[in-house]
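Where a number appears in this text, it was derived from the coordinates with a stated rule and is not lab data. Everything quoted here is computed from the prediction, not taken from an experiment. Using ideal geometry, Cβ is built from the backbone for each residue, glycine included, and neighbour counts are taken over all protein chains shown.
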Amino acid sequence: MQSQLQAYIPEHAIPKVISFLEHDNLIVKIKKERKTRHGDYKPLPNGKHQITINSNLNQYRFLITLIHEIAHFEAYKNYGRFIKPHGLEWKRTFQHLMLPFINPEIFPNELLPLLAKHFKNPKASSDTDAPLALALKQFDEHNNKTYVFQVPLGSTFKLHNGKVFKMGKKRVKRYECTEVKTGRLYLFNPNAEVELIN
């Protein structure tokens with residue numbers, strides 16, 4: 001596991017992460033990209049626990065996602081299976097586990113204030129924290145994707161599933177976009193990745 005993880009997380013984070021994973025009944029699997037999630041946690045019927053993380057994440061997002069999922073495991077272990085998935089027990093566990101990593105040896109200086117703010121009250125997904133998500137995306141491998149907030153009003157764009165939308169106006173935090181085929185209105189996070197159609 002140690003050699004496997006070295007390729008995915010910042011070097012200075014490895015010893016602490018390895019100490020978190022020293023459980024006989026915890027399995028970590030690295031998966032191909034899934035569009036709907038960065039990672040997940042589940043207790044298995046045989047009494048073991050499994051964490052999966054997408055292989056395409058940059059090292060900082062991978063680390064945050066891994067600690068997010070370890071927090072699910074620890075919260076389950078300490079509080080039982082009837083707690084809310086992203087409730088208070090999980091939030092406190094996530095904050096406690098993440099704290100030793102929020103330092104300049106592990107994260108770039110420009111991410112530290114955003115991480116500190118995010119972990120005052122961590123969300124179910126770091127993607128819902130638009131400033132943090134955008135800052136993290138600058139460390140991704142370059143691709144031909146555009147963020148929704150960059151799409152000009154009235155332009156069309158395509159999602160990974162092939163659906164085509166026309167860009168509308170901004171509400172408070174999200175953007176109104178109309179699906180071209182059905183005319184239905186959808187709200188998009190500003191940092192959703194889409195493909196512009198010329």
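So the values come out like this:
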| quantity | calculated |
| --- | --- |
| Residue that is nearest to Ser126 (Cα to Cα), among those in segment 163-198 that are over 24 Å from the mean Cα position of the chain (by Cα) and not in a strand (DSSP E or B) | Arg184 |
| Filter result for Phe107 (aromatic (Phe, Trp, Tyr) and surrounded by fewer than 19 Cβ atoms within 10 Å (Cβ to Cβ)) | no |
| Residue in segment 169-187 that is surrounded by the most Cβ atoms within 10 Å (Cβ to Cβ), counting only those that are closer than 13 Å to Ser155 by Cβ and touching a Lys or Arg at 6+ places or on another chain (Cβ under 7 Å) | Cys177 |
| Segment 125-145, residues that are assigned to a loop (DSSP other than H, G, I, E, B) and of a type in the set (Gly, Ala, Ser) | Ser125 |
| Odd one out for Trp90, checked against (1) in a helix (DSSP H, G or I); (2) free of Cβ contacts under 8 Å to residues at least 24 places away in the same chain; (3) within 15 Å of Asn25 (Cα to Cα) | (3) |
